[in-house]
Ligand code: GDP
Ligand code: MG
C-alpha cells in the first residue's frame, strides 16, 4: 500500500548522512509513483511532488546535519498541507439549532454516518434530532429509527409518501418542540448523480438553509469519490466531506485528493460500521500515520475516552488494598476492548505499523473474548472470592463458557499470579521512601 511504499522511501533517506540533489530526485520519483498508484489525482501528485522537490533541494535542507530527516519533515508538512493543514470542526450555529444536511450517493454511508455523528454530538452534550428524508430506498426510514433507538436520540419522519423537502421543513419545527440543538437530515442518494436528486437537494437547501452540508463519500471508490465531491460541490456548495470505510482495503488516494481538488475539508473519517467508528480528521496525524511516524495523539485520545479517570483511581486503590476481584478484572478488560481492536492500536504506535511480526504477536480478540466468557460464567461469589473455585466449579465454568478446564485453570493461575505481583508491588511502594537506598 501507499503507506508501506512511502515508508520505505523515507527509510532510505533517514539513514543517509549526506543527501544529494540526485537522492532527492530519486526519492521524489518513487513518491510520485506511490501516490499515483494509490489513486491520488494526477494533478495533485504533480503539484505536490514539485513543491516538495523545490523545498527539499534548498540549501538549508541538504546542508543540514540531518538532511534525510529534513526531507522527511518537508514531505510530512506538505502532506499535511495537502489534506487541509488544520483540523476542520463541525460547524456550530451562533444560535441553535445547527442544521446539517447529509448528502451523497447510495451506499456511501449517509445513514450510518448520521447515526455516528449523533453519537459524536451526544458525547459533547448536544441534543441532536435526526430527520428521515430518504423516502426512496426501502427501509431507509426504519434504518434510521433503529439507530435512533440504539442511541436514544429522537427521529423525525413522515413516512414514505411524504415529500423530502417537507420532512426537512417540519423537522425544523420539531427541533424546537423536542428542545434539540442540532438537526441532522439524512437524505436519499442514487447510484449515480442525477438531476432530479440534485434538484431535490437544492430545494431542501433553499428551504432549511443548512449551516453545514456534509458530503459522505466512500473512500474505497478512490478517484471516483473525488469526482463525486467535485460534482456535489459545484451543484450544492459543500461545507465538508466525511470519508467512510477508511477501515477497509482502500488505497488512500481520496483522503489525499479531496481537499486539493474541491477545496472542501474532510471533517470526519469513518473507520467501521459501529456507531463509535467515526473520528475527526486531523491532517497532521493522518500524514504521520501514512509516513509511519505513528499516531500517538489519536491513541491518547482514544484512551482518554475509554478510561474513566475515577474508575482508574478506584482500581489503583483496590490493587493496593488487594481487594481486586474478577469483577474489577472484567471491567478493566472492557475498558481496554472499548478502545478498539488491539492490532489497530498497536499499528498507531511509531515503528510498529510496519512491523512484520505484528500478526505473530497473537494478542487476538478471540482470546480476550474467551477470557471474558470464562469470567462471565462465574457466580458473583466466585468472582469476589476466586479461592472458592474448586474442581467441580471449574468444570461448571468451563461448560458454561465453552472452553476446556485447562483454560479455566490457566486464567485462575494468571489471576492469582497477578494478585501476588500486586501485593509485592504495593508493599514495595508503601514503604518505598524508607527502603530507598542511596548510592
Ligand atoms: P447510505 O445509502 O449512504 O445511507 O449508506 P448506509 O449508511 O446505509 O451504509 C451502507 C453500508 O456501508 C452499510 O452496510 C454500512 O454499515 C457500511 N458503512 C458505512 N460506513 C462505514 C465505514 O466507515 N466502514 C465500514 N466498514 N462500513 C461502513
Ligand atoms: Mg441511507
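The values are calculated or read from the model by the stated rules, or taken from the named source; none is laboratory data. Small disclaimer: the values here were computed from a predicted structure and weren't measured. No Cβ is skipped: glycine too gets one built from the backbone with ideal geometry, and neighbour counts run over all protein chains shown.
Evaluate the following for residue 133: is it at pLDDT below 95 and either on the phi > 0 side of the Ramachandran plot or touching a strand residue (DSSP E or B) at 6+ places or on another chain (Cβ under 8 Å) (or both)? Here the answer is no, as residue 133 does not meet what is asked. Selection of the stretch 120-140 for residues being closer than 16 Å to residue 184 by Cβ and within 16 Å of ligand 2 (Cβ to nearest atom) yields 130, 131, 132, 133, 134, 140. Of all residues in the stretch 113-122, those that are touching a helix residue (DSSP H, G or I) at 6+ places or on another chain (Cβ under 9 Å) and surrounded by fewer than 24 Cβ atoms within 10 Å (Cβ to Cβ) total 2. Just one of the numbered conditions (1) free of Cβ contacts under 8 Å to residues at least 60 places away in the same chain; (2) within 29 Å of the chain's Cα centre (by Cα); (3) part of a helix (DSSP H, G or I) is not true of residue 94: (3).
So for the stretch 146-155 (the condition being within 16 Å of ligand 2 (Cβ to nearest atom) and under 22 Å from residue 193 (Cα atoms)), does at least one residue qualify? There is no residue in the stretch 146-155 that is within 16 Å of ligand 2 (Cβ to nearest atom) and under 22 Å from residue 193 (Cα atoms).
Residue count for the stretch 381-399 satisfying the condition of being in a helix (DSSP H, G or I) and either more than 17 Å from residue 333 (Cβ to Cβ) or not assigned by TED's automatic domain parsing to the domain that holds residue 318 (or both): 11.
Inspection of the stretch 114-122 finds a residue satisfying the criterion of being away from ligand 1 (no atom under 16 Å from the Cβ), touching a residue at least 40 places away in the same chain (Cβ under 8 Å) and not assigned by TED's automatic domain parsing to the domain that holds residue 12.
Among the conditions (1) within 16 Å of ligand 2 (Cβ to nearest atom); (2) touching a strand residue (DSSP E or B) at 6+ places or on another chain (Cβ under 9 Å), the only one that residue 97 does not satisfy is (1). Scanning the stretch 199-224 for residues that are within 13 Å of ligand 1 (Cβ to nearest atom) and in contact with a strand residue (DSSP E or B) (Cβ under 8 Å, 6 or more places away or on another chain) turns up 214, 215, 216, 217, 218, 219. Taking the stated definitions as given, is residue 253 within 24 Å of residue 290 (Cα to Cα), more than 16 Å from ligand 2 (Cβ to nearest atom) and out of contact with any strand residue (DSSP E or B) (no Cβ under 6 Å at 6 or more places or on another chain)? So residue 253 passes the test.
Screening 135, 146, 175, 185 for residues that are more than 18 Å from residue 242 (Cα to Cα) and outside any helix (DSSP H, G or I) leaves exactly one candidate, 135.
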